[in-house]
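The values are calculated or read from the model by the stated rules, or taken from the named source; none is laboratory data. Just so we're clear, the structure is a prediction, and the values are computed from it rather than from any experiment. Cβ atoms come from the backbone with ideal geometry, glycine included; neighbour counts cover every protein chain shown. The accessibility values were calculated without ligands, DNA or RNA, using every heavy atom of the protein model including side chains. Shrake-Rupley method; radii C 1.70, N 1.55, O 1.52, S 1.80 Å.
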Amino acid sequence: DQPLSLTLEAPELPPLAQLDPVAASAAHRFMLTHEIQPDLPLGFPLADYARVVLVGSDEEAVRSLARSLVASAATLHDPEDVVVAVLAGPEQTAAW
């Protein structure tokens, strides 16, 4: 879960404005509900790290995440900026 990338604020109203209590309550609940966004992907700058190590008990899930990271980096970056190298034994080559 990550915080919303912008701050939701209630609009400024004139001092004597008559607010509909149901609408005001709904707007308040909306702002509280959307402060934190669940299940967002995590972004990080690859240039800040010499290597990225993925670990986990579910081998297929970890390999799937690794393939996703490699595909994303290869797709979203200039070919001169990213070099993809997979070091895998004969048993793991088919998974790549």
Checklist (1) open to solvent by 100 Å² or more (accessible area, probe 1.4 Å); (2) aromatic (Phe, Trp, Tyr); (3) under 21 Å from HIS77 (Cβ atoms) applied to PHE30, failing item: (3)
Some residue of the stretch 8-15 being surrounded by 11 or more Cβ atoms within 10 Å (Cβ to Cβ) and hydrophobic (A, V, I, L, M, F, W, C): yes
Filtered residues of the stretch 25-48 (kept if hydrophobic (A, V, I, L, M, F, W, C) and either more than 30 Å from LEU69 (Cβ to Cβ) or free of Cβ contacts under 8 Å to residues at least 24 places away in the same chain (or both)): ALA26, ALA27, PHE30, MET31, LEU32, PHE44, ALA47
Enumeration of residues in the stretch 1-27 that are among the acidic types (Asp, Glu) and farther than 30 Å from ALA73 by Cα: GLU9, GLU12, ASP20
Lone qualifier among VAL22, VAL52, VAL62, VAL83 - being open to solvent by less than 60 Å² (accessible area, probe 1.4 Å) and without any contact (Cβ under 8 Å) to a residue 60 or more places away in the chain: VAL62
Condition met for ASP39 (at positive phi and open to solvent by 60 Å² or more (accessible area, probe 1.4 Å)): yes
